[in-house]
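The values are calculated or read from the model by the stated rules, or taken from the named source; none is laboratory data. Fair warning: this is a prediction, and the values are worked out from it, not measured in the lab. Heads up, the Cβs are rebuilt from the backbone with ideal geometry, glycines too, and the neighbour counts pull from every protein chain shown.
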Ligand code: FAD
């Protein structure tokens, strides 16, 4: 089923996973999916390695397995910036072979020193995928994309994604819901009418947060800083506090009318389970 159709019926709850290293048949991967499937997500998206670290070809296969073996709709991420035309053709062929209907079309992070190949921006990839029959999604950034100094310009580029065929958007992680609400207001005023799903990543460790704020520029509200300070030497309590924060954040977003919820599960079904329990 196309994700655009799901949005017509409900505000979906979706999960994101990444392809595991090693064999696809590994027990841990199927354990992850078995556990996630009991939580009844509306779809599961599978990330795509933009660089040369391998595993890129697995995204389509996993997205196919999620549909056929677990009976859950899937969405395959597809990045373009480090790929040449032949690589992209092979990616698209694989997506079709595995019966993937939904594609989150992304630029991907530029590998330092590498030349941009066929497409420089996600919207160009989307234009190119038009006619392939996929339901296309795109990424968006409530606090602005880290490379774009002007939020208004970033919004213009986001509008280009809608024009290029994006039927839904998923946000970068954020911790301050006020940022999301301000962003939605501006996006709607800028003519972006497609559903925008907030992406939520629970904090599990201080190191994870440090990595995140440097790679995506998410701001830290005082409550998060307090959690990090209070549980600096108590990783288990920090994780629990992080999950509780994510639950509060999601409940507020649902009350605030968000179009859905996308949970970055980090392949840790236990975390998704605790969040879903918290929401109930
Ligand atoms: P774009 O939309 O192309 O934007 C990138 C930058 O270019 C922005 O600053 C934008 O303002 C600017 N820009 C866009 N169009 C133009 C234009 N016409 N002229 C000038 N500037 C322009 N990365 C992965 O490698 N694999 C994944 O699976 C993955 N999944 C993700 C899922 C989500 C929900 C999100 C939010 C991000 C994901 N990423 C993933 C990270 C993403 O690839 C990076 O954030 C990347 O830096 C930008 O990707 P984009 O598709 O948003 O790029």
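In table form, for the structure just shown:
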item	result
Output for the range 81-101, where each listed residue is within 13 Å of the ligand (Cβ to nearest atom) and modelled with pLDDT of 95 or more	91
Residues within the range 62-83 that are in contact with a strand residue (DSSP E or B) (Cβ under 9 Å, 6 or more places away or on another chain) and either within 30 Å of residue 113 (Cβ to Cβ) or assigned to a helix (DSSP H, G or I) (or both), tallied	13
Number of the exception - residue 6 against (1) free of Cβ contacts under 8 Å to residues at least 60 places away in the same chain; (2) more than 14 Å from the ligand (Cβ to nearest atom); (3) over 21 Å from residue 271 (Cβ atoms); (4) buried (at least 18 other Cβ atoms within 10 Å of the Cβ)	(1)
For residue 38: the one exception among (1) within 16 Å of the ligand (Cβ to nearest atom); (2) surrounded by fewer than 15 Cβ atoms within 10 Å (Cβ to Cβ); (3) over 30 Å from residue 112 (Cα atoms)	(1)
Residue satisfying all of: in the range 53-64; out of contact with any helix residue (DSSP H, G or I) (no Cβ under 7 Å at 6 or more places or on another chain) and farther than 20 Å from residue 12 by Cα; surrounded by the most Cβ atoms within 10 Å (Cβ to Cβ) among these	59
Residue list for the range 142-174, filter: within 10 Å of the ligand (Cβ to nearest atom), under 13 Å from the mean Cα position of the chain (by Cα) and either in contact (Cβ under 8 Å) with a residue 60 or more places away in the chain or in a strand (DSSP E or B) (or both)	169, 170, 171, 173
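Okay, residues lined up against (1) farther than 23 Å from residue 101 by Cβ; (2) buried (at least 23 other Cβ atoms within 10 Å of the Cβ):
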| residue | (1), (2) |
| --- | --- |
| 165 | no, no |
| 168 | no, yes |
| 178 | yes, no |
| 188 | yes, no |
| 191 | yes, no |
| 194 | no, no |
| 201 | yes, yes |
| 204 | yes, no |
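To keep it simple, each residue is scored yes or no on (1) in a helix (DSSP H, G or I); (2) within 18 Å of the chain's Cα centre (by Cα).
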{"site": "213", "(1), (2)": "yes, yes"}
{"site": "225", "(1), (2)": "yes, no"}
{"site": "237", "(1), (2)": "yes, no"}
{"site": "240", "(1), (2)": "yes, no"}
{"site": "247", "(1), (2)": "yes, yes"}
{"site": "250", "(1), (2)": "yes, yes"}
{"site": "266", "(1), (2)": "no, yes"}
{"site": "275", "(1), (2)": "yes, yes"}
